[in-house]
Structures are given as structure tokens and as C-alpha cells.
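The values are calculated or read from the model by the stated rules, or taken from the named source; none is laboratory data. Small disclaimer: the values here were computed from a predicted structure and weren't measured. Cβ sites come from the backbone with ideal geometry, for glycine too, and all protein chains shown count toward neighbours.
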Amino acid sequence: MKRKLLKYTQHVVMPALLLTTLAFVNTQQKRMSEKINPQTPEGMRLATIQKKLNKRAKGYGKPDKPDEFNKFQLAIRSKIGEEKNSYEPGDVQHELQKAQQRAYKTVRSKQAAWAGHGPGNLGGRTRAIVVDKSDTKNKTWFAGSVGGGIWKTTNSGASWTNVSGDIANIAISSMVQSTSNPDVLYAGTGEGFGNVDAIYGNGILKSTDHGATWAFLPSTVVDNSIGFVDFEFVNRIIVDPSSANTVVAATNNGIYRSTDGGANWSQVLAGGRMQHIVATPGNFMVQYAAENGDSGAASNIHKSVNGGVNWSTVYTNSASGRIELAVARNNTNIVYAAVQDGNTGSVTSHVYRSDDAGTTWNPSLGSADWLSSQGWYDNAIAVDPFDDSRLLVGGVDLYKLEFGSTSTQYISNRVLNTDLLYSNLGGSELGGMLLTASDWNHDIVATKKHIQVKFGAGFSQKAHRFTRSGNTATYKDLVDVPFEVWDVEADTMLNVSFRDYNNDGAWNPDNVSRLFDYVFISNSEYNPAGKPEMMVSGTYSSDELNTPRAGLQYKLQNAFWVLTRNAFSVAQIEGSIIDISAPYTTYDREDTRISYWFHNVG
């Protein structure tokens, strides 16, 4: 009887009790979940436990999936249990205003003493910089930090002032200034390159008072409640040079275009993450945009020939990731793309070139891995303004490349105490520098000069023209040259002279031989009527002054900052001494036997 009762208990009673217990537990859990507010600590704890149980039941997923980043961002920006953000549009701005009102009341009721405790001089990531088009001296810049707002300097970066004020989102990723109306600037928010510490954006900021104040364009403010996230990551912005109201923005949700200064927008190209957009120099109608197709999709280059209204795909690569673009200034049919090839596994750095405005593309220069597997995040390219085949590319490292050649030059920060650096961008050589001092017995490093040579529209000055016959330099006249030379620290223009090799009455920068029109920069304030001491003829000397001569000062006449011959003429009168630096050698004396080299960071 006992055995039968035991069997009955094992086979009938125990399962029944187990089922009853499970039913009771499930009922209690259901009741608890119904009663406990998910926003309370207990509710959050239960929700966390339940997520872990569900995760264990389904199995752990592989880490570092691109989708996991999006899930994480959604989770920290939405209420528990929601599949999308239900916060009201502009909630961040509203909460900021409430906090400011509360702070104002608190300050009025009780004075509080505050002291800064950091951080210190830590700039963070700066993805946007604009040189003020209204400043002819190029000392005024605007910089956008991906976590610090918009800053302005009026002294070439010596000091900075925050100009974005109390804005609801400080993740500045792009910025542009109108050419036709420099008072108008646009700044995009959101760092859309996939880094885990990226800050989400909240639309496009606009300034109409030359960057003094900024406000978000209401048409771009993110509205997560209805899934309106078109301007959550604004990676690049371009503005029509002829109209401050025509704006094109590349975002992580496509390309958008406005013709009314940002009041309204139209999506002109749907797709994936549009991370770069450029307009052809001198022709805003022709534009190129790069789409990052990582996470398994193909990367694309798109082209528009009507100012961004319509687009067509001109390049596709299923193995590419992020692409950065650059258009040559001289032959605008030449377009370059710095490509992160191989978005899985080993990543290589490549430059693709099109000679027919994007119709066909040819790969080259894949040997130097300047991106160092970080091309998805660190990727930049620029074309030499004087030589369409020379490029500067940057990632983790900085390189100078020449398309069609297998040679590359590593030019990351390797030089200290470089003062006057010249880059022979248009010729067959590199670059050079010179320092000036008033006396051989004076510390030449302490009296170094910072010189800026400005080329381009609007820059011109008079120069003393010489011709040479044998060892004799003959002064001719004053002529206009298409550049200006400035002493940066003194903020003054300087006098220059040049050797007119062709004796054609003009300075010719396109003669790439070693006998081109050398230029000498004088350490004297510019006089458009000419400097009498420089209006003299003279004979070239081959003397080499290896040691200082006490008590004497020397002035250079008929000499040039690029020197290929023993061609100094020295007069013992008041003037300047020049120190010439070559790649691995510095001469703290006047030396006429310097080989034709420039500093190797040119």
C-alpha cells in the first residue's frame, strides 16, 4: 500500500504541485509587472532580469555588430519598453529652457560662488573649421567641436571664444560660410561616422549675424516621436557661392536641399549614410557625394549636374567603406576619392582617380596604408592647388602622394621650430625656409620671422625686377606680381625682388627648371614705390662666409630665397642676415653653397 501511495505521489501529486507552483509564480510575476511601475528602481531591476533571461534563452549575439550601436543609442534615448522614442519634438531645448529658468530663480534667491575645475586645455575632436571670408588677413576662424559647440578666434588660434551659447545640442560636425553673404553661416550637428562615443545631433544651426548668435532651423529639428530623424547626423553642408539660400546637406539619411535658407527641405537623394559632398570649384552645378555602404552594403559615389536636384551613381564598390572626395582646381574633370577598401578584415588605403568627371575611375597608390584600418573614422584628402597630380591624404598618418607614382612621402609631425616653410607646389622640387637676424652675434633662433605668402584672387604687390647676365644682376623696374608677402607677427607687408630669367617683364611661376624666377624677401616694410636700397645693380659673389665677422652687419642684394648658384652679393651696410635651412642641415651663418633642397615636409 505504501509503495502504491509513493508511486501515486511521484507520478500524480508531484507534477500537479509543480504545475500549480509554476502557474502561481507566473501569475505573481504578471501581477507584479502590472503593479510595479517600470520607471521605479524595482521595475527597472525586474526588467533587467527579464532581459537577461530572454537573452539567455535566445543565445548571445556576436559583439560589435553595427545594428547593436543603433539599438544602444535607441535604448538610452527612449523609455523602457518602447521601440521608438516618444519624447516630444524639441524636448531637449524645452528642458534646457526650464533649467535656465530654475537656475535664474536660484541665483536671484541665493548667490552661489563658482570656481572652474576643468577640464583644462582639451579641445577634443574638431571636425569643422571655417576661415572667415571677410577677414582679408585670414586671422578669423570658426571651429566646430563634436562635443563642444562653435568657437571663434580672431588671432589665428592664439585664443578662442565660444559663440554658440546655450544651444540644445553642441555636437558640431560640419560648418560652412556663404560666399555671397559672409554674414550667413550654417552648422550641422551629429557625428555620423559610427564611433561609439558619437553624440547624436539635432538638426542644422544657422547664423545671420556673422557667427555672433546661432539658432536651430525648425525644419531640421529631430522629431523621434514620428521617426523624423533626417537631420540627426549632418555630415557635410555646401552653399551655392551665388546664393546664401541654396543649401545642400549630406546626412546619414540621404541628401537634402533647400532654396529658402533652410526654412524648407526636399530629400533629393535617398539611401544610406551620405558622409561627404563637394561642389566643383567654379561650378556649383556639378556636385559629387560619397555614400558609406559598410555593414555589408556597397559604397557609392553619386553625381549631380544641376546643383543637387537630381543624382546618378557613377561609382560602386561592394568592398569599400567610407569615401572622401576632392576635385582638382585647375582641371576640374579630375576627381579623387580616398577609399577605405575592404570593410571587413584587413583594411587598405586607396586613392581612385577619374579624369572624365566621374565617368571612369582608376585605382592607384595602394601601398601606403595612411588610414591604418581607421578609414571609417579618420579620412581626409586634398588636391595640390598648383599640381592636379599631387595630393595630401590623412588618416592616422599624413602623406603626400603623387598620382601615377608609387612613391609616397610621410609628412606627419616630424619637424620642430620650423618658421618660414615654402612648398614648391607647382614645380619639380620641394620647398625651403629662411630665418632672418640683424646681427651675427645675435641669437638667430630668437629673432625668427613668420612669413606668409598669399596667392589667389585679390593678392598683388610691386616687386623689384632684376635680370642676370653672367655674374651681373641689373635692376630694371617695379612690376606687379600675383602674390603678397606678409610678416605675420608685425602684420605688415614686406618688399620683394625677383630675377626675371626670361627677361619678359613679368614673374613666371610655371618655369619648373632650376633657372626660374627666384624671389628674395626683404626684411623691410613694403613700399609700393620701391625701396631705393633694392633698386641697384650688382655683381654676384661666390664668397662663402663660414664664420661671423665681429662688428659688421651685412645686407643681401640681388639674392633670392631659392638659391641654386653661389649668388650672394654682400654689402657691409645696415641690413639683415639670412639663415638657410636644408633637409638635415641648418647653417647659422650666411652660406652660398646650399644645394637645391627644401625642407622635406613640403
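Which of the residues belonging to region 457-492 are among the acidic types (D, E) and surrounded by fewer than 19 Cβ atoms within 10 Å (Cβ to Cβ)? Answer for region 457-492, where residues must be among the acidic types (D, E) and surrounded by fewer than 19 Cβ atoms within 10 Å (Cβ to Cβ): D477, D480, E489, D491.
The condition of being modelled with pLDDT of 80 or more, within 30 Å of G456 (Cβ to Cβ) and out of contact with any Leu (no Cβ under 7 Å at 6 or more places or on another chain) does not hold for A298.
For every residue, the table says whether it meets (1) small (G, A, S); (2) at pLDDT 80 or above.
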{"residue": "N441", "(1), (2)": "no, no"}
{"residue": "K448", "(1), (2)": "no, no"}
{"residue": "I451", "(1), (2)": "no, no"}
{"residue": "K462", "(1), (2)": "no, yes"}
{"residue": "G470", "(1), (2)": "yes, no"}
{"residue": "E484", "(1), (2)": "no, yes"}
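Restricting S219, S207, S156, S180 to residues that are surrounded by fewer than 19 Cβ atoms within 10 Å (Cβ to Cβ), within 30 Å of W486 (Cβ to Cβ) and at pLDDT 90 or above narrows the list to S180. Checked against (1) farther than 24 Å from K454 by Cβ; (2) touching a Phe, Trp or Tyr at 6+ places or on another chain (Cβ under 9 Å), D166 passes all but a single condition, namely (2).
Here are some residues: I150, I80. Which one is at pLDDT 70 or above, β-branched (V, I, T), surrounded by 11 or more Cβ atoms within 10 Å (Cβ to Cβ) and outside any loop (DSSP other than H, G, I, E, B)? It is I150. Inspection of region 208-219 finds no residue satisfying the criterion of being in contact with a His (Cβ under 7 Å, 6 or more places away or on another chain) and assigned by TED's automatic domain parsing to the domain that holds I170. Tallying residues that are in a loop (DSSP other than H, G, I, E, B) and not small (G, A, S) within region 153-179 yields 9.
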